[in-house]
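*Asks:* Following this message is one structure expressed as structure tokens.
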């Protein structure tokens, strides 16, 4: 989700996701004031949900911003037959770690 899409989502008052993990966050006062202002503007969303949406959107944008560093190994070809090289940047590691952790978190939830 992109940051620009959040306001439309908040206006609709879409329900929160069901599977969550709690984190304790210490915000600078300026950021805390902005979160509380958003809550006043969109009272159908809790402060926790607003922060979760903002973090999700920031993480989505972070993934897109991670640099692609082409390696030597060709892993595929595009539609024009041009080679696609393996990515030696942080993206593959980020995807691998996040999928592994998600699997562990999901397994933990199903065991309860």
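Read the figures in this text as sums done on the coordinates, not as results from a lab. Since we're looking at a predicted model, the values are computed, not measured. We place every Cβ from the backbone using ideal geometry, glycine too, and count neighbours over all the protein chains shown.
*Asks:* Once the Cα atoms of helix 29-41 and of the chain are each reduced to a long axis, what angle between those two axes, in degrees from 0 to 90 to the nearest 10, is obtained?
*Replies:* Taking the Cα atoms of the chain, the angle to 29-41 is about 70 degrees.
*Asks:* Just to compare against my own numbers: the Cα pair-distance distribution for the chain, 5 Å bins, whole % per bin, please.
*Replies:* 2, 9, 13, 16, 16, 13, 12, 8, 6, 4, 1
*Asks:* Quick check: residue separation of residue 46 and residue 34 times 0.36 nm, minus the Cα distance between them. What number comes out in nm?
*Replies:* Roughly 3.0 nm would be gained on extension.
*Asks:* Still on this structure: Can you give the Kirkwood hydrodynamic radius for region 70-112, in Å, rounded to one decimal and based on Cα pairs?
*Replies:* 12.6 Å
*Asks:* A further question follows. Say each of residue 97 and residue 25 gets a label point 7 Å from the Cα, pointing the same way as Cα to Cβ; how far apart are those two points in nm?
*Replies:* 1.9 nm
*Asks:* What 222 nm value per residue comes from the helices of the chain, counting each DSSP H run with n ≥ 4 as -39,500 (n - 2.57) and dividing by all residues, nearest 500 deg cm²/dmol?
*Replies:* -19000 deg cm²/dmol
*Asks:* Give me the one-decimal nm value for the distance between modelled label points at residue 84 and residue 62, 7 Å along each residue's Cα-to-Cβ direction.
*Replies:* About 2.5 nm separates the two model spin labels.
*Asks:* Given springs between every Cα pair under 10 Å in a Gaussian network model of the chain, which of 25, 64, 35 has the largest fluctuation?
*Replies:* 25
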